[in-house]
């Protein structure tokens, strides 16, 4: 893929960015967005109404618990509430222009699939590095696992 085509695809992907957040499950059901809340012990609890990809793992819609890995603060663990599904992703600090007022998960849509792109807690934000090439590669890997 040429540099120009990659840039054009990246711009297109940015326009398709889906920012998912809301405070209540009822609102989530009505709007189709992810419901996110912060638990007392630093975990983020989320209800995601669609399947999504984290790294090379495809996770189904459902309830998730997101937390920092205990050994490495740059790694975030995403586990289904029932413990059956789990993924981990390397993250980098992210500083956006919006003040952080509530937890949220930010997804990007690429190739008809949602990718977890950013995890925002009340006190920090972590981004997962996503490029068109990386997302294409992750789509191939997750498809081969299915």
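The values are calculated or read from the model by the stated rules, or taken from the named source; none is laboratory data. What you are looking at is a predicted structure, and each value in this text was computed from that prediction instead of being measured. Counting neighbours? That spans all protein chains shown, and the Cβs are built from the backbone with ideal geometry, glycine included.
If you go through the stretch 119-141 one residue at a time, do you hit one that is free of Cβ contacts under 8 Å to residues at least 12 places away in the same chain and either on the phi > 0 side of the Ramachandran plot or in a strand (DSSP E or B) (or both)? Checking the stretch 119-141: not a single residue is free of Cβ contacts under 8 Å to residues at least 12 places away in the same chain and either on the phi > 0 side of the Ramachandran plot or in a strand (DSSP E or B) (or both). In the set 67, 38, which member is within 13 Å of the chain's Cα centre (by Cα), modelled with pLDDT under 90 and under 22 Å from residue 102 (Cβ atoms)? The conditions single out 67. Taking the conditions exactly as written (surrounded by fewer than 14 Cβ atoms within 10 Å (Cβ to Cβ) and at negative phi), does residue 59 satisfy them or not? Against the criterion (surrounded by fewer than 14 Cβ atoms within 10 Å (Cβ to Cβ) and at negative phi), residue 59 does not qualify. Among the residues of the stretch 76-88, is any exposed (fewer than 13 other Cβ atoms within 10 Å of the Cβ), outside any strand (DSSP E or B) and at positive phi? Checked the stretch 76-88: at least one residue is exposed (fewer than 13 other Cβ atoms within 10 Å of the Cβ), outside any strand (DSSP E or B) and at positive phi.
If you check residue 92 against the conditions, is it farther than 17 Å from residue 132 by Cα, in contact with a strand residue (DSSP E or B) (Cβ under 7 Å, 6 or more places away or on another chain) and modelled with pLDDT of 65 or more? The answer is yes for residue 92.
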